[in-house]
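Presented below is the structure to which this report refers.
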Amino acid sequence: MILPRTKVAVMLILSVAALLGCSGEGDQTSHSPANIQSTNASQDAPRTNVEELGMLVNVPYESEESFWKEDPSQRRIVAVLSFPKPEAERLVADASKRRPPETVDMMPESWFPPELIAQSEVSGDNTIKGQAYAADAFLQPPYNDGRIARIDGTDYFVLEVFAR
């Protein structure tokens, strides 16, 4: 009878020792201000993967370039998309069928492409001008409201969608 209890005790001691050995004392992750700052900087950078954007909203046109950010606290996504001329013209034609365009002035975000930032500086009022259309083709739950605006003189579009 003593032998099985000894085996159980030894196994218990070895198990506890193994668990304590995995306690994470050798954790190499540093939480220094420099690492936290670089993490925050990468969170401020826009994402550029259109396939990843396509998991959140519908992207029915082939884009050449994409920059986007998701703001979960406001339940909002803002994306800057560039399309080849034929796709841009098709997007405008499709969106115009749903609702006539409206002239809009938008404040560019700091992460917008340099071309759009420069255009806002030249405008005199730090805005970019464009024609806004219904974004119905891009909407996908939970993002069920929004608009897409073609920036004047470019093939850039600013998509803004909300979950309401």
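A count restricted to region 146-164 and to residues that are among the acidic types (Asp, Glu) and under 17 Å from ARG90 (Cα atoms) stands at 2. I need a count of the residues in region 103-128 that are without any contact (Cβ under 8 Å) to a residue 40 or more places away in the chain and under 17 Å from SER82 (Cβ atoms). Count: 7.
Residue by residue, here is whether (1) buried (at least 19 other Cβ atoms within 10 Å of the Cβ); (2) modelled with pLDDT under 95; (3) in contact with a Leu (Cβ under 9 Å, 6 or more places away or on another chain); (4) in a loop (DSSP other than H, G, I, E, B) holds:
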position	(1), (2), (3), (4)
GLU52	no, no, no, no
VAL57	yes, no, yes, yes
GLU62	no, yes, no, yes
SER66	yes, no, yes, no
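Considering only residues of region 129-145 that are in contact (Cβ under 8 Å) with a residue 60 or more places away in the chain and surrounded by 15 or more Cβ atoms within 10 Å (Cβ to Cβ), which is farthest from ALA88 (Cα to Cα)? Across region 129-145, the extreme among qualifying residues is TYR143.
The values are calculated or read from the model by the stated rules, or taken from the named source; none is laboratory data. Just so it is clear, the structure is predicted and the values come from calculations on it, not from any experiment. A quick note on method: Cβ atoms are made from the backbone with ideal geometry, for glycine too, and the neighbour counts reach across all protein chains shown.
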